[in-house]
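Chemist: The structure that follows is given in the form of structure tokens.
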């Protein structure tokens, strides 16, 4: 019953401090705990029971977290839905999860009004059930007995390579990841975190970990200007975003010489997608605070590896080609194995495995996928990487992205990194192209900087001087932008369709 314990503890210790804030309102810990108690009672009176699944469809706002806490209090499971999903996609997920209803924003709920598998009822944040502004209303006389091994959520994967799968996590998972994170990071209780990552994604676990410390969580508007404003207005100490959002914030600061981030900001936390070293260095020079990398996986319960500010390179000095993902947090274990499943020595690339109480219970209604994702108690991440002699994990690429050209392994991330080093290239993706003579060959898609003037031959020459000949793509295409999901990952399946 971790979410309820979190609320009770923080109400006792930090009752008058702000717990949640968005662009419309802020809520103290005392107010939040009271609102959640009332909301849970009202949902219970509508028939929501222990073990029920309830979908949540909304843009980023404080009511989303209130709903998660209230459902967790009842022992029900929240099923977050990306607000960008079309009705057919919503219906696929809600039908698979067998939800009893959907809670969210009225406009979004109206879009899915004719989804036959979206439960038997909908509840809008704008409806009377959420009108708890004065914090008054009845609470339940008896709360359900919620155990640590009871499921708390089904988090559907971003499906960068196919249909989404429902990752089942329990209260113990959220608790263990939070405690491991806090043992490593030591988040001060008076921290203020501006989170730019979606609450409908597994990245919400990092936000919950900061809340567990008693920190204030601020949800900004979607634009770079909104993010800068939120950091300044709330005197934020921490900023959590993906690399693409960081790039947009830097562009906003460059376009508005009077704009800046305050000295209260001590740490920028980034993850969910690879961070180009050059982007880190530029951001660190401009913002002037520490940076922390996070490597996580929805199936692993969230962030389980982190690289602290003290292990990042000096942005004014010589930069390495890649940054390590970091070291594993307490309570979780990481190993790298070869094709035979045996652990590899430091420096050797193989598949990354992870285990610990933070990992998922399994995929919802998909025993075959659960079995395929696990081996002898370890979770297969599907990522390739290696450990160094000091226990730092380095990511190499996705196992499924590996290109085999005449029997030789090619890691697309290496070619993408080389392409981004060209002064005309701002972004790049490499995908496999079937070839009758060589099996597979790499194909590159690049996004050029505005006004950049370069040729296909120039890019190929640049690669020829940077990577081995067999890694050079067979062709390079210039496109306007790369398709990315809500967490910044490139959706390569759309580039190979």
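Chemist: For the list (1) more than 30 Å from residue 451 (Cβ to Cβ); (2) in contact (Cβ under 8 Å) with a residue 60 or more places away in the chain; (3) assigned by TED's automatic domain parsing to the domain that holds residue 483, I need the number of the one condition that residue 420 fails.
Modeler: (1)
Chemist: Filtering segment 380-400 down to residues that are farther than 27 Å from residue 361 by Cβ and in contact with a helix residue (DSSP H, G or I) (Cβ under 7 Å, 6 or more places away or on another chain), which residue is modelled with the highest pLDDT?
Modeler: 396
Chemist: Now for a different question. Between 452, 461, 457, which is surrounded by fewer than 20 Cβ atoms within 10 Å (Cβ to Cβ), out of contact with any helix residue (DSSP H, G or I) (no Cβ under 7 Å at 6 or more places or on another chain) and either part of a loop (DSSP other than H, G, I, E, B) or in contact (Cβ under 8 Å) with a residue 24 or more places away in the chain (or both)?
Modeler: Every option except 452 fails the conditions.
Chemist: Within segment 87-112, which residues are in contact with a helix residue (DSSP H, G or I) (Cβ under 7 Å, 6 or more places away or on another chain), farther than 21 Å from residue 19 by Cβ and assigned to a strand (DSSP E or B)?
Modeler: Matches in segment 87-112: 102 only.
Chemist: A follow-up question, please. Can you name the number of the only condition in (1) out of contact with any strand residue (DSSP E or B) (no Cβ under 7 Å at 6 or more places or on another chain); (2) assigned to a helix (DSSP H, G or I); (3) more than 23 Å from residue 278 (Cβ to Cβ) that residue 437 fails?
Modeler: Condition (2) is where residue 437 drops out.
Chemist: Residue 479 is checked against (1) buried (at least 18 other Cβ atoms within 10 Å of the Cβ); (2) modelled with pLDDT of 90 or more; (3) touching a helix residue (DSSP H, G or I) at 6+ places or on another chain (Cβ under 9 Å) and fails just one. What number does that condition carry?
Modeler: (1)
Chemist: Report, ordered by the first and then the second residue, all pairs with beta carbons closer than 7 Å, sequence separation of six or more or different chains, a first member in segment 18-46 that is within 15 Å of residue 144 (Cβ to Cβ), and a second member that is in a loop (DSSP other than H, G, I, E, B).
Modeler: Between residues of segment 18-46 that are within 15 Å of residue 144 (Cβ to Cβ) and residues that are in a loop (DSSP other than H, G, I, E, B), the close pairs are 37/139; 39/132; 40/140; 41/138; 41/139; 41/140; 44/140.
Chemist: Name the single residue that is farthest from residue 202 (Cα to Cα) among those in segment 235-259 being under 16 Å from the mean Cα position of the chain (by Cα) and part of a helix (DSSP H, G or I).
Modeler: That would be 246.
Chemist: A further question on this structure: Identify the residue in segment 311-329 that is within 20 Å of the chain's Cα centre (by Cα) and in a loop (DSSP other than H, G, I, E, B) and, among all such residues, is nearest to residue 277 (Cα to Cα).
Modeler: 323
The values are calculated or read from the model by the stated rules, or taken from the named source; none is laboratory data. It should be emphasised that the depicted structure is a prediction, and the values quoted were computed from it without experimental measurement. Note that each Cβ is placed from the backbone with ideal geometry, even for glycine, and that neighbours are counted across all protein chains shown.
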